[in-house]
Amino acid sequence: MPSSARRPWVPRTGWAHEHAPTLETGIVLAAVASFSLSFLFPRTTAGVLGAAAVWALLTLAAVGIGRPPAIHLSLLAGLGAVLKLAAPKLWPGLVPWLVALGLYLVVLQAWPALRVTADWARRGSLDPGVRWLVLAVIPVAATGLVLWAAAVGQAGLSEGARLAIRQTQGVPLWIVIPVGLLFSCANAAVEEAFYRGVIMHALLGTVGIVPALVLQAASFGLLHTEGIPSGPAGVLLTAGYGLLLGVIRLKAHGLLAPWLAHVLADLTIVAVVASYAAVSPQV
């Protein structure tokens, strides 16, 4: 499709057109930083309104320079950040992000010119090399999670992790298994759409491959200041895993392969939660 058909809103003349690449880089980096640190905003009405104002400005700036990757990033990440701040603290992060993804898709349906530029949403390849890479990453992730759980013990669990364990206690295994599988598939899909999808796609188009890999991994790590794994060790462990998922995404040229690897890592988390629920009556 010709670029004129794909980007009908791009300014053809003027200052914004001349400096669009530099402005896009600034908007993308600001959006990634704001999204990564959105947990620092207070969960108050003022905090939510402040976050909404930041994301509205970023989205308007992205639309103003007519750069689709920046628009997709500021739109989806902004919805995700604001809705997560507005949700109760101990709600699963999947819920507000799933709603954000749904609203984002509604906007795409209403805005055909933006919908045709959703280049981040590619299935990608599952050729033998990619499959072997996914299989190699699975035991690394599982081992890291098990070692983290053994190292931090019950005392090192975050408040969110304790809530998940308490909610699992007393639940029959025949319910835990299908619910855990459903959660793993949905959670992996949403997080991959955010991190290896819009965030990494926008970074690849502005700062290059290596910085894009590092920045999306760091942002993914900061997501796990709470949850499982959590704490400084959890952030580092998750950032390392995010780096591996980013490499898989590059090799596969799409999201299916990193999603598969992510699902299997989340299933390990479900197993860790179920194990704690079985052996730790007081959490």
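Bear in mind these aren't lab numbers, they're just calculated from the coordinates by the rules spelled out. Predicted, not measured: the structure shown is a model, and the values here were computed from it. Glycine also receives a Cβ, built like all others from the backbone with ideal geometry; neighbour counts cover every protein chain displayed.
Across q = 0.15, 0.20 Å⁻¹, region 128-279 modelled as identical point scatterers on its alpha-carbon atoms has Debye log10 I(q)/I(0) values of -0.76, -1.25, in the order of the q list.
The value obtained for the chain, namely the Cα convex hull volume divided by the number of residues, is 131 Å³ per residue. Per residue, the average separation of C-alpha pairs within less than 8 Å and at least 6 apart gives the chain a relative contact order of 24 percent. Counting every alpha-carbon pair across region 24-137, the share separated by more than 23 Å comes to 38%. For the chain, the longest principal axis of the alpha carbon atoms and the long axis of helix 159-168 meet at an angle near 60°. In terms of packing, defined here as the mean over residues of other Cβ atoms within 10 angstrom, the peptides 73-79, 157-163, 141-147 line up highest first as 73-79, 157-163, 141-147. Per DSSP helix of 4 or more residues, -39500 (n - 2.57); summed, then divided by the residues of the chain. What does that give at 222 nm, rounded to the nearest 500? Calculated from helices alone, the mean residue ellipticity at 222 nm is -23500 deg cm²/dmol. When peptides 174-185, 249-260 are sorted by average Cβ neighbour count within 10 Å, with the highest value leading, the order is 249-260, 174-185. Distance from the alpha carbon centroid of region 92-131 to that of region 188-210 works out to 11 angstrom.
To test your reading of the geometry: what angle, between 0 and 90 degrees and rounded to tens, separates the Cα axis of helix 231-252 from the longest principal axis of the chain? Rounded to the nearest ten degrees, it is 50. When only Cα pairs below 8 angstrom with a gap of at least 6 residues are kept, region 154-283 shows a relative contact order of 37 percent. Seen against the Cα atoms of the chain and their longest principal axis, helix 45-65 is set at about 40 degrees.
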